[in-house]
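To keep things clear, I will list the structure first and then write my remarks on it.
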2 protein chains.
Amino acid sequence: MARRSQGDRRKTILRVAGRLFSQRGYYGTSIRDIAGAIRLQGGSLYAHIASKEELLWEIVEEAAQAFLSSLEPIVRSERSPVEKLRLAVATHLQVVTERQDAAVVFNHEWKALSPKRRADILARRDAYEALFREILREGIEAGVFRADLNVPLITRFILTALNGVAVWYRPKGPLSPEQIAEAFADWAIRGLQICNPAEVPR
Amino acid sequence: MARRSQGDRRKTILRVAGRLFSQRGYYGTSIRDIAGAIRLQGGSLYAHIASKEELLWEIVEEAAQAFLSSLEPIVRSERSPVEKLRLAVATHLQVVTERQDAAVVFNHEWKALSPKRRADILARRDAYEALFREILREGIEAGVFRADLNVPLITRFILTALNGVAVWYRPKGPLSPEQIAEAFADWAIRGLQICNPAEVPR
DNA sequence: AATTTAAGCAAACGTTCGTTAGCAAAAATG
DNA sequence: CATTTTTGCTAACGAACGTTTGCTTAAATT
């Protein structure tokens with residue numbers, strides 16, 4: 001019988017570590033907790049990982065990558081600002097709901113990283129926020145969004161609200177990620193626009 | 001010389017515990033960290049507190065009280081829904097910025113409480129959210145807010161965005177709590193209203 | 001079938017954790 | 001001034017932490 005491909009076990013460990021880190025936090029989760037969840041002894045994990053922090057790093061860094069790489073093409077595309085914002089909200093929530101544990105850990109546990117890695121993550125988080133701001137800026141320049149918006153501030157509000165979805169979203173809940181995205185975008189964009197048409201344009 | 005009134009030292013401990021819990025999390029902060037921050041030995045804290053969890057509990061429970069008791073009179077008042085929402089946003093941000101550490105701990109560290117205390121906090125958090133929803137509901141009933149709003153969902157968005165301020169707000173930053181409240185309320189209310197006047201009413 | 005490699009266990013390492021005990025100094029109280 | 005109470009120290013407790021070591025079993029390779 002074919003043996004499990006190398007790294008298969010490792011992925012399982014990363015998955016369960018992500019779940020536990022997101023539920024109890026990095027410091028609230030022990031190596032023995034993670035091992036016990038897949039019926040291993042604590043020390044046995046070290047056949048697959050180098051350290052506990054490496055686990056956190058891989059989870060957080062993959063999430064950072066997922067967020068950045070999904071937003072970049074949208075911002076660089078040739079759509080209207082409103083379309084871009086709608087898409088950005090939808091794909092952000094797609095990442096958040098598809099990689100829910102990683103998103104929670106990315107948002108709440110990056111402080112536990114070593115200074116170097118923490119700085120790396122912060123830089124990418126800043127880059128992501130800058131991309132988002134770019135959309136609002138374009139909207140103002142195009143005359144569709146109000147000129148009196150505090151762009152960095154509103155961007156923070158938007159991203160915080162969207163990231164919060166990672167905490168309460170349940171796949172079996174009544175709302176799909178797409179429905180959540182639509183409700184949020186409808187509300188948010190209406191608040192940004194200069195004039196308020198009966199229907200928010202798409 | 002008059003000795004420091006009893007409990008003065010205790011308040012200092014609570015303050016620094018709140019700061020450390022908010023910066024490094026409950027599990028990331030040791031009793032010796034807290035003691036060291038006021039130049040005491042770890043064991044010396046136990047002349048003032050019963051346990052580490054008691055510290056967390058007092059911080060979290062006081063924050064819960066502050067939020068609830070500041071919102072209740074607003075919801076029960078005779079103002080218009082728009083006025084109520086503006087006030088609710090402003091006082092929420094007032095609590096968040098005046099008791100910043102406690103607000104962060106309240107939002108992120110309640111999971112570390114014992115099951116009974118965790119349930120208590122969750123109940124009060126739910127009650128608070130329900131009060132907030134009440135404002136949106138009234139607005140829809142009065143015909144000033146759109147009837148197609150998903151009230152629980154939008155309420156979550158609003159509260160998550162507001163709570164996020166506790167994480168990034170700096171007293172010496174360029175924006176006062178009142179300015180943050182105004183920018184948020186302008187944007188949020190514009191997104192809720194059926195029609196979009198040039199100026200948001202007050 | 002023999003050999004190499006990977007996976008997991010039990011036990012232990014040194015450290016840190018929350019907490020307690022016993023004692024000393026200082027401050028408040030009578 | 002004598003006494004009680006508060007505050008803090010040092011030292012230690014047992015438990016849990018992340019990690020390492022040496023051994024065993026099982027799987028893959030030759």
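The values are calculated or read from the model by the stated rules, or taken from the named source; none is laboratory data. Keep in mind that what you see is a predicted model, and the values were worked out from it rather than measured. Note that we place each Cβ from the backbone using ideal geometry, even for glycine, and neighbour counts take in every protein chain shown. With ligands, DNA and RNA removed, areas are computed over all heavy atoms of the protein, side chains included. Shrake-Rupley method; radii C 1.70, N 1.55, O 1.52, S 1.80 Å.
Would the stretch B:75-90 turn up any residue that is under 9 Å from the mean Cα position of the chain (by Cα), over 14 Å from B:VAL167 (Cβ atoms) and touching a residue at least 60 places away in the same chain (Cβ under 8 Å)?
Within the stretch B:75-90 (the criterion being under 9 Å from the mean Cα position of the chain (by Cα), over 14 Å from B:VAL167 (Cβ atoms) and touching a residue at least 60 places away in the same chain (Cβ under 8 Å)), the answer is no, since none of the residues qualifies.
Is it true that some residue in the stretch B:71-92 is farther than 21 Å from B:ARG124 by Cβ and within 16 Å of DNA strand D (Cβ to nearest atom)?
No, there is no match, as no residue in the stretch B:71-92 is farther than 21 Å from B:ARG124 by Cβ and within 16 Å of DNA strand D (Cβ to nearest atom).
Answer yes if at least one residue in the stretch A:39-54 is within 14 Å of chain B (Cβ to nearest Cβ) and either at pLDDT 95 or above or within 8 Å of DNA strand C (Cβ to nearest atom) (or both), and no otherwise.
Yes, some residue in the stretch A:39-54 is within 14 Å of chain B (Cβ to nearest Cβ) and either at pLDDT 95 or above or within 8 Å of DNA strand C (Cβ to nearest atom) (or both).
Inspect all residues belonging to the stretch A:56-68 and state whether any of them is within 11 Å of DNA strand D (Cβ to nearest atom) and at pLDDT 95 or above.
Scanning the stretch A:56-68, I find at least one residue that is within 11 Å of DNA strand D (Cβ to nearest atom) and at pLDDT 95 or above, so the answer is yes.
Is there a residue being within 18 Å of B:LEU93 (Cβ to Cβ) and surrounded by fewer than 16 Cβ atoms within 10 Å (Cβ to Cβ) anywhere in the stretch B:141-160?
no
Taking the residues in the stretch B:63-73 that are touching a residue at least 40 places away in the same chain (Cβ under 8 Å) and surrounded by 19 or more Cβ atoms within 10 Å (Cβ to Cβ) as candidates, determine which candidate is farthest from B:TRP168 (Cα to Cα).
So the residue we want is B:LEU71.
Does B:ASN163 fit the bill of being of a type in the set (S, T, N, Q) and buried (at least 21 other Cβ atoms within 10 Å of the Cβ)?
Answer is yes for this residue.
Could you tell me whether any residue of the stretch B:22-38 is out of contact with any His (no Cβ under 6 Å at 6 or more places or on another chain), more than 14 Å from chain A (Cβ to nearest Cβ), away from DNA strand D (no atom under 15 Å from the Cβ) and at pLDDT 95 or above?
no
Cβ-Cβ below 6 Å, separation at least six or inter-chain, first residue in the stretch B:164-182 and away from chain A (no Cβ under 12 Å), second among the β-branched types (Val, Ile, Thr): which pairs?
B:PRO177/B:THR97
Look at A:ILE121 and say whether it is open to solvent by less than 20 Å² (accessible area, probe 1.4 Å), under 18 Å from B:TRP168 (Cβ atoms) and more than 14 Å from every other protein chain (Cβ to nearest Cβ).
Yes.
Right, A:ARG86: open to solvent by 60 Å² or more (accessible area, probe 1.4 Å), in the same structural domain as A:PHE184 (by TED's automatic domain parsing) and over 24 Å from B:GLU182 (Cβ atoms) or not?
So A:ARG86 does not fit the description; no.
Among the residues of the stretch A:27-45, which ones are of a type outside the set (Gly, Ala, Ser), under 28 Å from the mean Cα position of the chain (by Cα) and open to solvent by 20 Å² or more (accessible area, probe 1.4 Å)?
A:TYR27, A:ILE31, A:ARG32, A:ASP33, A:ILE38
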